[in-house]
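Comments concern the structure below.
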Amino acid sequence: MSAYTAPVRDMQFVLKDMGVLEQVMQLPGCEEITPDLVDAILDEAAKFAAEQLAPINHSGDRQGARYENGVVRVPDGFGEAYKAFVEGGWNAVPFEAEFGGQELPWTVSTAIAEMWQSANLAWALCPLLNQGAVEALQAHGSPAQKETYLPKMVSGEWSGTMNLTEPQAGSDLSQVKTKAERRDDHYRIRGSKIFITYGEHEMAENIIHLVLARCEDAPAGTRGISLFIVPKYLPKDDGTPGERNDLRCVSIEHKLGIMGSPTCVMSYGDNDGAIGYLVGEENRGLEYMFTMMNNARLAVGLQGLSIVERAYQQARGYALDRKQGRAGDKALAPIVDHADVRRMLMTMRSHAEAMRGLVLEAMVALDQQKRHPDESWRKWGERRVGLLTPVIKGWFTDMAVELSSMGVQVHGGIGFIEETGAAQHFRDSRILPIYEGTNGIQALDLVGRKLLRDEGRAAREYLDELHVQITGLNSVEGDDMAAIRKRFAKAVDVLEDATEWLLENAANDPDVAGGTAAYYLRAFGITAGGASLAQAARVAIEKLETDPQADRDFLRAKIATARFYADNVLTQVPGLAKSMENGWETLRAIPDEAL
């Protein structure tokens, strides 16, 4: 497996040259987040990712997490890396200072997190899940719960998990059967949970499980679910871990990928019942858990970008080195000279840059939602983040599978051999469209909740902004920008027509929404990624014209990447819209038993 080098220069371009950081610096509490400070943070994070996490990625995949006599053991080096991560303060980056966090904006934190996920996806799942648990407790925990749990979880001394699904439930949480019996100041939890990432390990001194369960007299369905804090070790009065709670890991799953991450089957209450503490009010657990779920969905989308970046780096390195076949006047040429290999590499590269720009744009909206002094701007940020969350989760992770597979293809037969490491990226990527809500659920969320229920408000706001962007591109001269503008404008027009078509037709027939949502989500993602690359090309062209000290090769590559995406990817949007128009009509043309 090739080494990992964090794309710091590209991150700096999005954050600084494209004006993302400038927007963040206007928000309360972000005045000191200067470009120099961000550069220093990115450089240190890149060093940690390259030196501490990347070297144990492939070995962790080969060794895997192990279950031995009730104890879960992570691969060699994972525990030491986690200790260094916590001691370096990296776990605390985005969280509130009140609980020991550094309170850096999510825009900056996300750029850093991309590095962790690219360097070692399986390892980085532990802080990812903890991040979501912290968000849920910050939003819904009592003052006493926050005081007890958040300082340790923010530092990373304790880790957090999310316990939702059960063997019979899958994504349908209305079928959750885990029980919660009331006691004086706590509840007794009994039941089992599956697919619990880092549900058991010894990297942190305690694990704080957030568990969905039903009280005895709870109503049926999702309305009867409550959320509980169920610690592995019950905290003592001095805040240190005390008695072991009545919970255990029964086994860990044997998986296709993310081998180093223990995916646990958890049992609660084999004896007297696991002690749990209610978060908020009874029967509002699913509402509370969605705070964690939305955080996790954005984080999983970021994982998609991270895998694309890592697979691209490895494929590019191999293509530059591997010599095979003729190209032009070269009798034996590096395969990067072959047109089809070049097509694959440019497809991977352009998607990575499009995704990076889009996710950091979404994080600006998230920071505005959390920090802006004007309520109307906070509401706007909430709408924008809500609109983009299923797109980022769904489109990024679908493309992670396709593009990491493309990375294997660049390697040819040797990519199918595990020793190269290319196959690991492909295997690791395959879980991303499944967990934290399958991508079918993301597409339905985009169409059903973010479009139909909202009556198109957030989508139309976004499309209006894209039209303004297109108008602004008219002032930029040159053949490249003319082509980018033409393809981008066409995609926006088609997406707008598709949006209005859905608003008119999808509410009355569930098959219209269900049968077209995936196409709409992909068209939305491609167009939104195109918006980011079009803006990147504009900035690059302007810098070439006005800044004699600019890195001209880097900027020309930016323009070329945007042009490639416009000519090869944005052109897919009209076809997706065509599939939406009539494709759903034949969904049920074949009887179930004949499928």
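Relative to the compact globular guide of 2.2 N^0.38 Å, what is the alpha carbon radius of gyration of region 438-585, as a ratio?
Working: Rg = 17.1 Å, N = 148, 2.2 N^0.38 = 14.7 Å.
That works out to 1.16 for region 438-585.
Could you give the dipole magnitude of region 225-322 about its Cα centre, charging the beta-carbon of Lys and Arg +1 and that of Asp and Glu -1, in debye to the nearest 20? Show your work: numbers first, answer last.
Values: 10 positive and 12 negative charges, 138 e Å.
Here region 225-322 has a charge dipole of around 660 debye.
When you count, for each residue, the other Cβ atoms within 10 Å and take the mean per peptide, how do 251-259, 33-41, 53-61, 225-233 rank with the highest first?
Working: 251-259: 17.6, 33-41: 14.8, 53-61: 21.7, 225-233: 24.3.
Highest-to-lowest ranking by the protection proxy: 225-233, 53-61, 251-259, 33-41.
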So, relative contact order of the chain in percent, Cα under 8 Å, 6 or more apart, is 13 percent
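About the Cα centre, and with charges only on the beta carbon of Lys, Arg (+1) and Asp, Glu (-1), how big is the dipole of the chain? Nearest 20 debye, please. Could the numbers behind the result be given before it?
On the way: 62 positive and 85 negative charges, 253 e Å.
The calculated dipole for the chain is roughly 1220 debye.
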For Lys379, which aspartates and glutamates qualify as cross-link partners when the Cα separation must be under 14 Å and same-chain residues fewer than eight apart are set aside? Asp367, Asp454, Glu461
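Packing-wise, with mean Cβ within 10 Å as the measure, how do 571-577, 206-212 rank, highest first? Please report the intermediate quantities before stating the final value.
Details: 571-577: 18.0, 206-212: 25.6.
By packing density, highest mean first, the sequence is 206-212, 571-577.
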Which of the aspartates and glutamates could a cross-linker span from Lys177 if the Cα-Cα distance has to be under 20 Å and same-chain partners fewer than 8 positions apart are dropped? Glu166, Glu216, Asp217, Asp246, Asp270, Asp272, Glu281, Glu282, Glu287, Glu436
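Hey, can you rank 440-452, 503-515, 355-367 by average C-beta count inside 10 Å, highest first? Please list the in-between numbers first.
Values: 440-452: 21.3, 503-515: 15.7, 355-367: 24.6.
Highest-to-lowest ranking by the protection proxy: 355-367, 440-452, 503-515.
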At a Cα cut-off below 27 Å, give the lysines reachable from Lys83, other chains included and same-chain residues fewer than 8 away excluded. Lys47, Lys146, Lys152, Lys232, Lys236, Lys255
Using alpha-carbon pairs under 8 Å, 6+ residues apart, how would you state the relative contact order of region 1-98 in percent? 22 percent
Computed curve, region 158-283, Cα-only Debye sum without solvent term, log₁₀ I(q)/I(0) at 0.14, 0.18 Å⁻¹, is -0.58, -0.94
For Cα pairs less than 8 Å apart in space and 6+ apart in sequence, what is the mean separation divided by the residue count of region 158-283, i.e. the relative contact order in percent? 30 percent
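Around Asp329, under 15 Å between beta carbons, what's the net of Lys plus Arg minus Asp minus Glu among the other residues? Working shown, then result.
On the way: positive: Lys323, Arg326, Lys330; negative: Asp337.
Charge balance in the 15 Å sphere: +2.
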Estimated 222 nm signal from helices in the chain, with DSSP H stretches of n ≥ 4 weighted -39500 (n - 2.57), rounded to 500: -18000 deg cm²/dmol
Electrostatic dipole magnitude of region 8-151 [Cβ: Lys, Arg +1; Asp, Glu -1; Cα centre; debye, to 20]: 620 debye
Answer with one residue from Asn439, Ser171, Thr586: the one whose Cα lies farthest towards the positive end of the charge dipole of the chain, charges on Cβ with Lys, Arg +1 and Asp, Glu -1. Thr586
Please figure out what share of the DSSP beta bridges in region 158-283 is antiparallel and state it in percent, rounded to the nearest 5. 75 percent
Considering only Val408, Tyr67, Gly260, whose Cα is most displaced toward the positive end of the charge dipole of the chain, charges sitting on Cβ of Lys, Arg (+1) and Asp, Glu (-1)? Val408
With both partners inside the chain, how many of the DSSP beta bridges are antiparallel, as a percent to the nearest 5? 80 percent
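A short reminder: the numbers here are calculations on the coordinates, not readings from a lab. Just so it is clear, the model here is predicted, and its values are computed rather than measured. Every residue, glycine among them, receives a Cβ derived from its backbone with ideal geometry; neighbour counts consider all protein chains shown.
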